[in-house]
Amino acid sequence: MSYATTEPGAGSDVAGMQCRAVKQSDGSYVLTGTKAWITNANLSAFFVIFATENPELRHKGIGAFIVHRDAKGLTVGKHEDKLGQRASDTAQVMLDGVHVPAAQVLAPPDTASRSRWRPSTRRAPTSERSPSASCAAARRVGRLREGAEDFGTAIANHQLVQAMLAEMAIRIAATRLLVHKAAWALDKGVRDPLTSSLAKAYGADAAMASAVDAVQIFGGNGYVKEYPVEKLMRDAKILQIYEGTAQIQRIVIAKQLLA
């Protein structure tokens, strides 16, 4: 399955979506619009489509609707040829007057924004991707201990390389603690957008920085596809973009601090 919030003209600003949901007299809805960067789009049996009853209502106008792949008016676009995360299928989803029966209305407009689907509350679980990528980069660099040499000694013996490895360890530990704190809040039913955004922003930056350092440590070998670190660097970049960009996270953080 796939869930579809992002649009060509509304990425991090979910409330700015233009995909329309028009209610019918029998409680069903008709959806019209385009969704972009939808994971699993070419593979999914059904989609959870987010659409708005009225764009001027922002979050309060958004609803969530279950749409089957074979629904009349639903079309999936071409597979996106991405820099990284290339094993993940990504494509546009076009909706042209797609009819959604009342039984498939997951959250009527003005309820989706208050539900567990709201993007701000999804930042905590999705931020776990960031420490995973950071850990993966550090584990790969850990192989340096197995015998890579420079100037007659293992390169892991050089202090500057050790300093880079230490920074990776610091980033991983800090990210893991932030993610655990955000997850703890979710388990307790506490809505904590500040911690979620802290985990997402720091974790994504940490993953990218660790992957770049890994390529640097591997040197020329890190720049070729024979070794895995160049792939980790390409894969890590998207963490600073999807589920709320690094810049959007900082806006959320600042608003929470100043509230």
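A few notes on this one:
- Verdict on T195 being among the β-branched types (V, I, T), buried (at least 18 other Cβ atoms within 10 Å of the Cβ) and either out of contact with any Lys or Arg (no Cβ under 6 Å at 6 or more places or on another chain) or farther than 30 Å from A15 by Cα (or both): no
- Conditions (1) over 18 Å from Y29 (Cβ atoms); (2) among the hydrophobic types (A, V, I, L, M, F, W, C); (3) modelled with pLDDT of 95 or more; number of the one not met by A71: (1)
- The set of residues in the stretch 73-114 being in contact with a strand residue (DSSP E or B) (Cβ under 7 Å, 6 or more places away or on another chain) and basic (K, R) consists of K78, K82.
- Qualifying residue in the stretch 71-79 (condition: touching a Lys or Arg at 6+ places or on another chain (Cβ under 6 Å) and farther than 17 Å from E7 by Cα): no
- Of note, A183 satisfies the criterion of being over 21 Å from S12 (Cβ atoms), within 17 Å of the chain's Cα centre (by Cα) and surrounded by fewer than 19 Cβ atoms within 10 Å (Cβ to Cβ).
- Scanning the stretch 177-218 for residues that are touching a residue at least 24 places away in the same chain (Cβ under 8 Å), of a type in the set (G, A, S) and either under 23 Å from M164 (Cα atoms) or in a loop (DSSP other than H, G, I, E, B) (or both) turns up A199, A201, G203, A204, A206, A207, A209, S210, A211, A214.
- Taking each residue of the stretch 232-259 that is more than 23 Å from G16 (Cα to Cα) and at pLDDT 90 or above and looking for partners that are open to solvent by less than 50 Å² (accessible area, probe 1.4 Å) and outside any helix (DSSP H, G or I) with beta-carbon atoms closer than 8 Å, six or more apart or interchain, yields M233/G84; R234/G84; D235/G84; A236/G84; K237/G84.
- Residue within the stretch 204-225 that is under 25 Å from T39 (Cβ atoms), of a type in the set (F, W, Y) and modelled with pLDDT under 95 present: no
- Residue satisfying all of: in the stretch 75-104; in contact with an Asp or Glu (Cβ under 8 Å, 6 or more places away or on another chain) and either closer than 22 Å to L232 by Cβ or not polar (S, T, N, Q) (or both); modelled with the lowest pLDDT among these: Q85
The values are calculated or read from the model by the stated rules, or taken from the named source; none is laboratory data. Computed from a prediction, not measured in an experiment: that's the story for all the values here. Because the Cβ atoms are built from the backbone with ideal geometry, glycine has one as well, and the counts that use them run over all protein chains shown. The protein model used for the area step is the full one, side chains on, heavy atoms only, and it has no ligands, DNA or RNA in it. Shrake-Rupley method; radii C 1.70, N 1.55, O 1.52, S 1.80 Å.
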